[in-house]
Every structure is written in C-alpha cells, then in structure tokens.
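Undergrad: Pasting in a structure now, in structure tokens, and then I'll have a few things to ask.
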Amino acid sequence: MNLHAIGAIYRFEMSRTWRTLLQSIVSPVLSTTLYFVVFGAAMGAHMRMIDGVAYGAFIVPGLVMLSLLTQSIMNASFGIYFPKFLGTIYEVLSAPVSPLEIVIGYVGAAASKSLMLGLIILATARLFVPFGIAHPLPMAAFLVLTAVTFSLFGFIIGIWADNFEKLNLVPMLIVTPLTFLGGSFYSIGMLPPAWRTVTLFNPVVYLISGFRWSFYGISEIAVGISLGMTLLFMALCLATIWWIFKTGYRLKR
C-alpha cells in the first residue's frame with residue numbers, strides 16, 4: 001500500500017476545501033440552518049409530537065442526512081471530475097499508484113469533508129432545537145458509513161459525467177427529492193399503506209430510519225435492515241468502481 005500516494009491525493013483534495021471554504025462548508029451549513037429555523041424552531045412549536053419526539057428534534061437526523069448525502073456526492077464527483085476535465089488524471093493513472101489507492105485518496109477526502117460538515121450541522125442544530133443521542137456509537141457508525149458509501153457513489157458520477165450539467169443532475173434531480181420523500185420531515189408510518197409500500201423502494205428511507213434510531217431509539221424499519229441495505233449499496237458501488245478501472249470506462253478514452 002502506497003501511503004505516500006494516498007496522502008498526497010488526500011491532502012490535495014482537502015486543501016481545496018480550505019480554498020473554497022464558503023462554498024464547501026459555510027453555504028451548506030447556512031442552508032440547513034434555515035430548515036432548522038423554519039421547520040424546527042418556528043413550525044415545530046405548533047406541530048404535534050411524532051412517536052414521542054418533538055417535531056423540531058424529529059427532523060434533525062433527516063436534515064443531517066440530506067446534507068451528508070448531497071455533499072458526499074458533490075465532493076467526490078467534483079474531486080475526480082476536475083482531473084478528468086484538466087487532463088491531469090492521466091498523470092495519476094500513469095503513476096505507480098494502484099486503483100485502490102486512488103479511490104482511497106479521493107473518496108477518503110470527500111468523506112472527511114462530509115463528516116466534518118455533518119458534525120458542524122449537528123452542533124448548529126443544538127442552537128435551535130434540543131435533542132439527545134441515545135446511541136452515540138451507532139450514530140457515528142451510520143455517519144461514517146453513509147459518508148463513505150455516497151462518496152463512492154459520487155466518485156462513479158464524476159467518472160461518468162462528461163460535463164458540469166451531468167455532475168449536478170443526479171444530486172439535484174434524484175438524490176435530493178429521494179431524501180425529502182424518504183422521511184426527513186415525517187414518519188413513513190403516517191402514510192397510507194399503499195404509499196408506505198411505495199416508499200420502501202426508496203433507499204434513502206433505510207438510511208434516515210437507521211440514523212434516527214441512533215438518536216431516539218425509534219425506527220419505522222428494523223435497524224439491521226437499514227444497515228444491510230446501506231452495506232449492499234456500498235458493495236454495488238465498489239463493484240462498479242472495480243469494473244470502471246478494469247475496463248478504463250471514461251478514464252482511458
């Protein structure tokens with residue numbers, strides 16, 4: 001394992017975060033803070049409790065997941081797309097660096113940025129709504145697993161995309177709507193049976209449900225199923241990335 005190469009890629013990607021601090025950290029935090037102000041502090045005081053949890057506190061895990069999913073994908077996709085766009089990816093591919101080391105460097109940096117953002121948003125949420133964390137270790141595990149999984153997904157999108165429009169297509173038109181419809185602002189148990197069945201085909205539901213369980217010990221879906229679905233998606237992403245490097249899809253041509 002070439003730790004020097006991994007560290008070089010990781011440090012380069014992390015340095016880009018500090019150069020674009022307003023876009024990378026401040027803007028997502030401010031956007032999520034508006035949700036806490038409007039839905040948590042303002043509307044939450046007039047909403048009934050859900051499963052014994054105040055509405056403002058109930059939406060905290062969903063909002064953290066919304067930011068974490070979006071930023072993981074955006075960080076990883078832009079991280080690998082720009083070397084393709086500038087042509088510097090060929091220098092990386094021709095260097096004595098294995099595909100595994102390339103993925104660890106880029107995905108590790110993207111996941112680190114997303115985790116940092118998620119923790120900042122959690123700290124910010126405490127300023128607006130009181131909440132507790134019933135299971136801190138599982139909460140941290142879900143954070144890390146989600147950040148890594150969707151950074152892998154973003155890495156795939158960055159390789160697939162051949163223009164800036166496609167980079168924003170999946171996060172904005174697919175991931176964000178799925179997150180809003182995945183129980184971020186409501187419990188899927190409140191839905192009619194038919195819609196509840198349809199919702200179960202949304203993979204984000206399992207992430208939010210498992211993450212919310214780590215906060216309040218309540219879950220619409222068994223925690224084991226939530227964890228299993230996340231690991232399955234990670235395995236699919238890893239298999240896709242293996243195929244990309246094996247075939248050179250949009251990397252060598």
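Undergrad: From the set of residues in the range 109-121 that are crowded, with 18+ Cβ neighbours inside 10 Å and of a type outside the set (S, T, N, Q), which is nearest to Ile208 (Cα to Cα)?
TA: By that ranking, first place goes to Gly118.
Undergrad: Would it be correct to say that Leu232 is free of Cβ contacts under 8 Å to residues at least 24 places away in the same chain, within 17 Å of the chain's Cα centre (by Cα) and more than 15 Å from Ile159 (Cβ to Cβ)?
TA: For Leu232, the condition - free of Cβ contacts under 8 Å to residues at least 24 places away in the same chain, within 17 Å of the chain's Cα centre (by Cα) and more than 15 Å from Ile159 (Cβ to Cβ) - is met.
Undergrad: For the range 51-96: of the residues being in contact (Cβ under 8 Å) with a residue 40 or more places away in the chain and of a type in the set (Phe, Trp, Tyr), which is surrounded by the most Cβ atoms within 10 Å (Cβ to Cβ)?
TA: That would be Phe58.
Undergrad: Something else: Restricted to the range 103-153, and to residues that are among the hydroxyl-bearing types (Ser, Thr, Tyr) and out of contact with any Gly (no Cβ under 7 Å at 6 or more places or on another chain), which residue is modelled with the lowest pLDDT?
TA: Thr124
Undergrad: Just the residues that are closer than 24 Å to Phe58 by Cα and in a helix (DSSP H, G or I), please, taken from the range 133-148.
TA: Within the range 133-148, Pro136, Leu137, Pro138, Met139, Ala140, Ala141, Phe142, Leu143, Val144, Leu145, Thr146, Ala147 qualify.
Undergrad: Can you find a residue that is in a loop (DSSP other than H, G, I, E, B), closer than 30 Å to Ile89 by Cα, of a type in the set (Gly, Ala, Ser) and in contact (Cβ under 8 Å) with a residue 40 or more places away in the chain anywhere in the range 159-168?
TA: Yes, the conditions are met somewhere in the range 159-168.
Undergrad: Yes or no: Ile89 closer than 20 Å to Asn2 by Cβ and touching a Pro at 6+ places or on another chain (Cβ under 6 Å)?
TA: yes
Undergrad: When only residues in the range 148-166 that are aromatic (Phe, Trp, Tyr) and either over 12 Å from Tyr81 (Cα atoms) or over 18 Å from the mean Cα position of the chain (by Cα) (or both) count, which is surrounded by the fewest Cβ atoms within 10 Å (Cβ to Cβ)?
TA: Phe164
Undergrad: Please indicate, with yes or no, whether at least one residue in the range 54-76 is under 16 Å from Tyr10 (Cβ atoms), part of a helix (DSSP H, G or I) and not small (Gly, Ala, Ser).
TA: Looking for residues that are under 16 Å from Tyr10 (Cβ atoms), part of a helix (DSSP H, G or I) and not small (Gly, Ala, Ser), one finds at least one in the range 54-76, hence yes.
Undergrad: Being assigned to a helix (DSSP H, G or I), modelled with pLDDT of 85 or more and within 25 Å of Ile80 (Cα to Cα), is that true of even one residue in the range 180-200?
TA: no
Undergrad: For Ile218, work out the one condition from (1) of a type in the set (A, V, I, L, M, F, W, C); (2) buried (at least 20 other Cβ atoms within 10 Å of the Cβ); (3) part of a loop (DSSP other than H, G, I, E, B) it doesn't fulfil.
TA: If we test Ile218 against (1) of a type in the set (A, V, I, L, M, F, W, C); (2) buried (at least 20 other Cβ atoms within 10 Å of the Cβ); (3) part of a loop (DSSP other than H, G, I, E, B), just (2) comes out false.
The values are calculated or read from the model by the stated rules, or taken from the named source; none is laboratory data. Predicted model, so just to flag it, every value in this text is computed and none were measured. A quick note on method: Cβ atoms are made from the backbone with ideal geometry, for glycine too, and the neighbour counts reach across all protein chains shown.
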